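J.: The structure under discussion is supplied below as structure tokens; questions concerning it will follow.
The values are calculated or read from the model by the stated rules, or taken from the named source; none is laboratory data. This one's a predicted model, so the numbers in the text were calculated from it and none came from an experiment. Virtual Cβ from ideal backbone geometry, glycine too; neighbours counted across all protein chains shown. Calculation scope for accessible area: heavy atoms of the full protein, side chains included, ligands and nucleic acids excluded. Shrake-Rupley method; radii C 1.70, N 1.55, O 1.52, S 1.80 Å.
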Amino acid sequence: LARASDVYARSDREMRVTREGRVAIERIRRDWVGRLASYPYFQRDEAGPSTKWAFLSAMPARAQETGRNAGDVCYIAYTPEVTPDRNGRFSRKLYRHFESSNDALARLRSHTTAPPAVNLETDDVLAFDVLDFKVTFLVAGPDGQRTETKDPQQADTALLALRLLTTKATAEMPAESDWSPPGNERLGFDFDDNEEDDANARTFRMQVRLKP
């Protein structure tokens, strides 16, 4: 009976992760539809493997905060961040930061376009138990083959990868340090491009064109 209960719990967990990952990618996709291509739309966090990502997107007034929606150009940022849970533990979550057009315009005028620090009171959580959120930038060479570039402004394509934990391994990761090297490596997780060695993580992908 105990074994059957464990199987059911694992299946339920995997279904929840699948649903959560798909919803998060779809949310990003909808935000991306209205993106303004002339804006420098991303920032890689060189201090770690994950990526902070931001861009301007055209949004209708009804999708903005009342009284701060004079225009339609809004600012959206995604940030993976390890933050406290309600039970006193820590976990990495993917946050969505949204600013209505009035605030987006003020941000542009002040030249503060980099993704801001996570605001736990106002930012939305798109996904929980995030092993990694990474944006890889690609550029086409003379032969038409795309290769990774470290200069996002030269890229013509971006590949998003959101990796969520599918098991109860998070119970063994209560501390903030457990979610980054070398803490995560103790549990068999890493941040390389080989996903076969992370059997307890599920990857959700999205590819977007950055240039026409």
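J.: On full extension of the chain, what length is gained from GLU148 through SER110, given 0.36 nm per residue of separation minus the C-alpha to C-alpha distance?
T.: Details: separation 38, 0.36 × 38 = 13.68 nm, distance 3.15 nm.
Fully extending the segment from GLU148 to SER110 adds 10.5 nm.
J.: Carbon and sulfur atoms: what percent of the 1.4 Å accessible area of the range 49-110 do they account for?
T.: Working: 1360 of 2840 Å².
That share works out to 48 percent.
J.: Would you mind listing how long the range 54-132 runs along its three principal axes, going by Cα atoms, in whole Å with the largest first?
T.: Here the spans come out as 40, 25, 18 Å, largest first.
J.: Same structure, new question: If r is the Cβ-Cβ distance from VAL33 to ASP85 and R0 is 30 Å, what FRET efficiency results, to the nearest 0.05? Please report the intermediate quantities before stating the final value.
T.: Working: r = 32 Å, r/R0 = 1.08.
E between VAL33 and ASP85, to the nearest 0.05, is 0.40.
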